[in-house]
Amino acid sequence: MAIRVFEPKDYPAVKRLFIDGIMENVTPAFKEALLHPVNLAVLAGIAALTYALPGHLRWLGFVVATAWIAAVYWCCHMFYAIYVNDKLASEMKDIEKHFLSLPGNCYWVAEHKKLKVIGGMVAVKSCSTPANIISMFRMIVDRQYRRHGLGVRLTQTVLDFAQEHEYKTCILGTSKAQKAAQKLYLKVGFQLIKTYTPDIKRFISPLSSFHLPRASAL
């Protein structure tokens, strides 16, 4: 895989990779969401009510439990679907404008040398406040190209860019459900600085923020 800066001809492949990469988080997020204390309490309450019902009505409890679980999955799916649609209508609609025409911003793709297919991507944006900080995101590697070190190479590309442009800290955010991504970031030297759960996403797994704290780490 050769890592290079995004070109307009890459857009169809990048769009597909973006959609697939984001939407594959639905199932892991759903599994995490089911273990959320709120959901466990609701399911326990449904189980208790089901047990209290007469035998011939207990099927209602199973229907309610199934409906609740389906609702949790729907919430997870809609969260990511709305996110994808929002980004495709904004910054992902014009990558050159939002990433390649602004200082401190960039967008890279990993292209298979022989097949000429895009197998991964990553982007960065500079943070105006506070200064000297760069934010990494859009880290997505196609399923068939994982476990070959491509994620590490893409991350290192970002860190090299940060060092070249004299940024002192690189930050990123991910979800608790993205365990493989978290392992990757910790492996290359990032530190977990915060875990939080926004109220509007209570049925989605908590979010985690990582950063490289010192310029020397870059």
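Summing charges over neighbours of residue 131, with a neighbour being any other residue whose Cβ is under 12 Å away from its Cβ, gives 0 when K and R count +1 and D and E count -1. Across all directions, the average flat footprint of the convex hull enclosing the Cα atoms of the stretch 76-191 is 8.3 nm². The modelled label-to-label distance between residue 70 and residue 93, using points 7 Å beyond Cα along the C-beta direction, is 3.4 nm.
Each of residue 11 and residue 102 was given a label point 7 Å from its Cα along the Cα-to-Cβ line. The distance between the two points is 1.8 nm. Taking the centroid of alpha carbons for each part, the stretch 1-64 and the stretch 82-147 are 25 Å apart.
Karplus-based coupling profile of the stretch 91-106, in residue order and whole Hz: 5, 6, 6, 9, 5, 4, 5, 7, 10, 9, 9, 10, x, x, 10, 6, with θ = phi - 60° in 6.51 cos²θ - 1.76 cosθ + 1.60 and x standing for Gly or Pro.
Largest GNM mean-square fluctuation across 82, 171, 133, computed for the chain with C-alpha springs under 10 Å, falls on 82.
Over the stretch 32-122, what is the relative contact order in whole percent, taking alpha-carbon pairs under 8 Å and six or more residues apart? The value is 13 percent.
Taking the charge dipole of the chain about its Cα centre, with +1 at Lys and Arg Cβ atoms and -1 at Asp and Glu Cβ atoms, the residue from 53, 98, 158 reaching farthest to the positive side is 53. Computed over the chain, the per-residue total of -39500 (n - 2.57) for DSSP H runs of n ≥ 4 gives a 222 nm mean residue ellipticity of -14000 deg cm²/dmol, rounded to 500.
Relative contact order for the chain: 22 percent, from Cα pairs under 8 Å spaced at least 6 residues apart, divided by residue count.
Spin-label pair residue 164-residue 57: with each label point 7 Å from Cα along the Cα-Cβ axis, the two points sit 7.0 nm from one another.
Every number here is computed from the coordinates shown, using simple stated rules; none is lab data. Only a predicted model underlies this, so the values are computations on that prediction, with no experimental measurement involved. As a convention, Cβ positions derive from the backbone with ideal geometry for all residues, glycine included, and neighbour counts pool all protein chains shown.
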